[in-house]
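The values are calculated or read from the model by the stated rules, or taken from the named source; none is laboratory data. Remember, predicted model here, so these are calculated numbers, not experimental data. Don't worry about glycine lacking a Cβ; one is built from the backbone with ideal geometry, like all the others, and counts go over all protein chains shown.
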Amino acid sequence: MSRFLVTGIDVGHHSLKAVVVKSAGKHCSVVAYKDVPFSDAIFSDNQSINHQKLVKKLKELKKSLPMFSSHVAISLPDNAVISKVLNIDSELEEREKEFAIYQAFAHQSPIPIEELSLDFVDITEQDSERGAGHTYQVYATRKDVVEERLSVMKKAGFKPVLVDMQAHSLQKVWSLASEQREVAENWMLVDIGLTQTSLCVAPPDSRPFFRDIVFGTSNMEGALEGDLTSGDVKKFFSELNERLQKQIQMYNSVNPMRKLEGLWICGGGATIEGLCIGLGRLINLKCELLNPLELIGAPSTPQSDQLQMNIFGCATGLAVQGVEWMGESHAT
């Protein structure tokens, strides 16, 4: 495998988070990471992008990154992606299968198929009970959503190589963590962001479990005060616990043989002092702070620095996905 760099860029509401990763044989290693805050929000209420502000910040980010790190992997918000499972005749040729997938999706989509960008993956092995045919997980999003994000990246001097769902970038982080830790598949990744909390667990013999909870650190008055005895922080812990408990119960009910044993915590919420201990007591599960960068070779750092490194989950997953994509000879 040739060596190259890919930068995963997570565009948040109030900052850009970037992780630069280089290929190293069958593995990846981190080269650099950067957090660029915004003084004003980049997204409007309807999720449209302020092009001028974002391009300016991306150019600022690019100047701070190593040379030859212009290839980027970016994500789409999960709520901008339509996902459906389709069963297709296994006797069809590859071209015929693709046409059949598009045709079947068009019949079920409320949006005209010509306005959509589609991607799909064969998940037949995970759904053998569905009977004859091949089973495909199909993803679609509006072309203008993709083109808008590609446009700002190109204007800032970047070269996009991969666009994927945010959930898939977190699934990549979960996979890296489960491979490197003895606890393996029975832990859930919990990424606590500013406005939402994302959950991911992907057992090998069933479909991944993804959930986005519209609840984040912005719901805590006097956010990030770092005082466990504070009424605001206690209330935040309690409300987050209630929301997580509902999702954990749902997961355990459909996976009775793989009940969750613990939570990996990352995201901006992981920087709240005492969150892991406090949440673990409330939810009655083991909780560990997860530094995504350590999964790809970042050296150990003092605890205070590790807390700040926990925010790079999505960017780390995107960078690794981008390296894997280019390593599969998709890049020209």
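For the range 127-182, the set of residues classified as hydrophobic (A, V, I, L, M, F, W, C), within 15 Å of HIS71 (Cα to Cα) and out of contact with any helix residue (DSSP H, G or I) (no Cβ under 8 Å at 6 or more places or on another chain) consists of LEU150 only. So which residues in the range 46-100 are part of a helix (DSSP H, G or I) and polar (S, T, N, Q), if there are any at all? Correct list: GLN52, SER64, ASN79. Between GLN180, GLN137, GLN171, the distinction of being farther than 30 Å from LYS286 by Cβ and polar (S, T, N, Q) belongs to GLN137 only.
So, SER151, is that one assigned by the TED database to the domain that holds VAL21 and not hydrophobic (A, V, I, L, M, F, W, C) or not? Before the answer, list the steps.
Values: assigned by the TED database to the domain that holds VAL21: yes; not hydrophobic (A, V, I, L, M, F, W, C): yes.
Yes; evaluated as a whole, the condition is true for this residue.
Being at pLDDT 65 or above and among the hydroxyl-bearing types (Ser, Thr, Tyr) is the filter; apply it to the range 216-235 and report the residue that is surrounded by the most Cβ atoms within 10 Å (Cβ to Cβ). Can you show your working first?
Step one: of the range 216-235, the residues at pLDDT 65 or above are 216-221, 230-235.
From the residues that got through so far, the ones that are among the hydroxyl-bearing types (Ser, Thr, Tyr) too are 217-218, 230.
Numbers: THR217: 21, SER218: 14, SER230: 15.
Among residues in the range 216-235 that are at pLDDT 65 or above and among the hydroxyl-bearing types (Ser, Thr, Tyr), the one surrounded by the most Cβ atoms within 10 Å (Cβ to Cβ) is THR217.
Yes or no: SER198 over 26 Å from GLU239 (Cα atoms), surrounded by 15 or more Cβ atoms within 10 Å (Cβ to Cβ), modelled with pLDDT of 90 or more and in the same structural domain as ASN284 (by the TED database)? Spell out the reasoning first.
Values: over 26 Å from GLU239 (Cα atoms): no; surrounded by 15 or more Cβ atoms within 10 Å (Cβ to Cβ): yes; modelled with pLDDT of 90 or more: yes; in the same structural domain as ASN284 (by the TED database): yes.
The answer is no for SER198.
Kindly indicate which of GLU94, GLU125 is closer than 18 Å to ARG207 by Cβ, outside the structural domain of VAL19 (by the TED database), without any contact (Cβ under 8 Å) to a residue 12 or more places away in the chain and more than 21 Å from the chain's Cα centre (by Cα).
Numbers: GLU94 fails: closer than 18 Å to ARG207 by Cβ.
When all the criteria are applied, what remains is GLU125.
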